[in-house]
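See below for the structure under consideration.
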Amino acid sequence: MSQNIPVIDLAPIFSGFTEGKQQVAAEVGRALETVGFFYISGHDVPEELVRQLRDEAYTFFALPIEEKMKVRRPAPEITRGYDPPAQQSLSATRGKVSPSDLQEGFGMGGFDFAPDDPYYNTGLGHYFFAPNLWPAEPLALRPVLEKYHTALKSLATKIMQIFALALDLKEDFFDNKVDKTGAHIRLNKYPAQPRPPETGQLRSGAHTDYGTLTILYGEDTPGGLQAMGAHGEWIDIHPPPGSFIVNIGDSMARWTNDRWLSTLHRVVNPSREHATSERLSVAFFHAANYDTELRCLKSCEIPGELPKYESTFYAAYYIDKLMKSRQTVSA
């Protein structure tokens, strides 16, 4: 079923020609109306940067647990720092009860903003712009993550412009709604499973993302990502070499009145014959500014019907989902 997820070449969006952008927008719109996922090639992110990040991430996760715990995530609402194994249950965001997910993680977020701007350092800024926590080793982890964050934030801004064109809006419609994005990165390490998981326990429980879009680098190894198809079937995600996986989150579904799909997805366990297989993924979670209102777009209204969702602000929606994912485990 993986053929249902298209590969979209983004090279035309860097050319500046309107015709090329419109072509990409049409392809993106079709993908988001049908499966909510697509692969991207021609994304302009250097392969060497991705390789460096992968190597540094594996080096960090190979450290003794006591070293990693020195930069432990300081509070449930903070997305910075290290999460030891089994510290969240993503299925809980949908009201499902299941054992904690079989993964450990490390998070970082924006760093290139004015430190004296109250938007970032007061009130809700605490949730989205907390200081990053950096381990003593490996030394290269910080610069490569900062470079990767910068590259993907720029890419996400361009994809949001393509989203606007696909929705019959001006290309810059979303620009002032994501210019202070709390976008963050999570390194996900899925350890080997020498013991069988508990009943109902996965590497990552079934969930939808919360923001505008996710750009994912994921190793194509046993125990990988699956997305739910239109008929309730699970589709294996097998990204072509050099590509990223892109899916939208609930914010875009709300903005588009479910014209675009925020698709349920999960990370399954490897079979017992591959139980020694580890896996790494790098998720870039892009989001609207935290004070942005998520209200049904005019171009997505259905004549004679009320919007499917009440208007809300991104911060309220995100914080509710985040805390649900972590309420069953200690911080």
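Give, as ranges by residue number, the residues of segment 50-68 whose backbone N falls under 16 Å from the point 7 Å along Cα→Cβ of Leu139.
56, 60
Convert 25 °C to kelvin, take the viscosity as 0.890 mPa s, use the Kirkwood radius over C-alpha pairs of the chain as Rh, and evaluate the Stokes-Einstein diffusion coefficient in µm²/s, rounded to a whole number.
121
Exceeding 23 Å between C-alpha atoms, which entries from my cross-link table qualify? They are Lys147/Lys180; Lys298/Lys324; Lys70/Lys153.
From Lys147/Lys180; Lys298/Lys324; Lys70/Lys153, over 23 Å: Lys298/Lys324; Lys70/Lys153.
Of all beta bridges DSSP finds with both residues in segment 2-326, what is the antiparallel percent, to the nearest 5?
Approximately 90 percent, going by the DSSP bridge assignments.
How much length, in nm to one decimal, is gained on full extension between Ser15 and Asn176, taken as 0.36 nm per residue of separation minus their Cα-Cα distance?
55.7 nm
How many angstrom separate the Cα center of segment 124-159 from the Cα center of segment 214-246?
With segment 124-159 and segment 214-246 each reduced to a Cα centre, they are spaced 23 Å.
Towards the positive end of the charge dipole of segment 240-320, with charges on Cβ (+1 Lys, Arg; -1 Asp, Glu), say which of Ala315, His265, Met252 has the farthest Cα.
His265
Out of Gly123, Gly211, Gly182, any idea which swings most in a Gaussian network model of the chain, alpha carbons joined below 10 Å?
Checking each option, the largest mean-square fluctuation is seen for Gly123.
Which residue, Ala183, Ala57, Ala230, tops the fluctuation ranking in a GNM of the chain built on C-alpha contacts under 10 Å?
Maximum among the listed residues: Ala230.
Treat every Asp and Glu Cβ in the chain as -1 and every Lys and Arg Cβ as +1, leave all other atoms uncharged, and give the resulting dipole magnitude about the Cα centre to the nearest 20 debye.
So the magnitude is around 720 debye.
With loop defined by DSSP as not H, G, I, E or B, and exposure as at most 13 other Cβ atoms within 10 Å, which is the longest segment of the chain clear of exposed GluC sites (Glu not before Pro)?
Within the chain, the longest run free of exposed GluC sites (Glu not before Pro) spans 1-197.
Sort Met323, Met228 by Cβ crowding within 10 Å, fewest neighbours at the top.
Met323, Met228
Applying 1/(1 + (r/R0)^6) with R0 = 25 Å to the Cβ-Cβ distance of Ala86 and Arg51, what FRET efficiency is obtained, to the nearest 0.05?
It comes out at approximately 0.30.
Pick from Ser98, Ser204, Ser251: which is most flexible by mean-square fluctuation in a GNM of the chain where alpha carbon atoms under 10 Å apart are linked?
Looking only at Ser98, Ser204, Ser251, the biggest GNM fluctuation is shown by Ser98.
Which residue, Thr34, Ile185, Ile78, has the largest displacement toward the positive end of the dipole of the chain when charges sit on each Cβ (Lys, Arg +1; Asp, Glu -1)?
Ile78
Any read-out appearing in this document is the output of simple, stated calculations on the displayed coordinates, not a laboratory observation. Just so it is clear, the structure is predicted and the values come from calculations on it, not from any experiment. With ideal geometry, Cβ positions are generated from the backbone for all residues, glycine too; neighbour counts draw on all protein chains shown.
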